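Engineer: First, the structure itself, so that you have it in front of you.
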Amino acid sequence: MSKIFQSVAVLALVLTGLVGCDYESRAATDANPARVAEMKKDFRDLWLGHIYWVQHAVLNSATKSQAERDTAKMEVDANTKQIAHMIMPFYGETASQKFSNLLDINIGAVREYSEATVAGDKSRQDAALARLASNSEDFGVFLSEVSPYLEQDTVRGLIAAHGAHHVLQVNQYKKKDYARLEKTWAMMREHVYLIADTLTAALVKQFPGKFI
């Protein structure tokens, strides 16, 4: 299953990368490049924080004190709200909360997969993978409904690959495959940058007047 998820991640990264670049090139002519760059940087920083804190909250939670686990969870929750807040000026509070809820579900599924992997419980692993797949579908439906510049399949691919990266990371951590973990982290970082850039480009295209 993990090999399948890894293949999906690589394929989605290639395909959605092409779409994201196309969005950006068309949007750039209608908006202030400095404002666009600022939004992109903020989104990238927040998504990088997302994978950083989810990693700390999920991978080695069993070896941390309760205080450390509580701190990591607080950081994950705060980061999730910050990412969701980025779309509030464009789509409103209800959409922002929906985004937050979907990202919470994604994180919860990763946590469930990690716990099942530590326990060696394949049925729970499969349930967590199914939840991740469903979450990517839900993200695709949601974002394609609020934006005409985010196709459902594109978003689904982005989120599915993101989930697959977390799964790969959990499997490698369980095997203590630290050399490959470093490569996986680099892949995860580039992919969340792709997510951030795709969201930014779609917002610029849909709301160019907000980037003047």
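A short reminder: the numbers here are calculations on the coordinates, not readings from a lab. In this text, all values refer to a predicted model and were calculated from it rather than measured experimentally. Here the Cβ positions follow ideal geometry from the backbone for every residue, glycine too, while neighbour counts run over all protein chains shown.
Engineer: Mind ranking 173-184, 34-45, 95-106, 190-201 by how tightly packed they are, going by the mean number of other C-beta atoms within 10 angstrom, highest first?
Structural biologist: Going by the mean number of other Cβ atoms within 10 Å, highest first, we get 190-201, 95-106, 34-45, 173-184.
Engineer: For residue 104 and residue 48, calculate 0.36 nm times their separation in residues minus their Cα-Cα distance, and state this gained length in nm to one decimal.
Structural biologist: The residue 104-residue 48 span can extend by a further 18.6 nm.
Engineer: Give the whole-number value, in cubic angstrom per residue, of the convex hull volume spanned by the C-alpha atoms of the stretch 90-212.
Structural biologist: Measuring per residue, one finds 93 Å³ for the Cα hull of the stretch 90-212.
Engineer: Along the stretch 138-146, what does the Karplus equation 6.51 cos²θ - 1.76 cosθ + 1.60 (θ = phi - 60°) give for ³J(HN,Hα), rounded to whole Hz, x for Gly and Pro?
Structural biologist: Karplus values, whole Hz, x for Gly and Pro: 5, 4, x, 4, 4, 6, 6, 6, 8.
Engineer: Figure the gain on full extension for residue 88 and residue 177 (residue separation times 0.36 nm, minus the Cα-Cα span) and round it to one decimal in nm.
Structural biologist: Working: separation 89, 0.36 × 89 = 32.04 nm, distance 3.98 nm.
Difference between extended and current length: 28.1 nm.
Engineer: So, one more: Tell me the net charge near residue 124. Cut-off is 9 Å between Cβ atoms, residue 124 excluded, with +1 for each Lys or Arg and -1 for each Asp or Glu.
Structural biologist: My count for the surroundings of residue 124 gives -3.
Engineer: Next question, about the same structure. Residue by residue through the stretch 151-160, what is 3J(HN,Hα) from phi via Karplus (6.51 cos²θ - 1.76 cosθ + 1.60, θ = phi - 60°)? Round to whole Hz and write x for glycine and proline.
Structural biologist: 3J(HN,Hα) across the stretch 151-160, in whole Hz: 6, 4, 5, 5, 5, 4, x, 4, 6, 4.
Engineer: In what order do 88, 74 fall by count of nearby beta-carbon atoms within 10 Å, going from fewest to most?
Structural biologist: The order, fewest Cβ neighbours first, is 74, 88.
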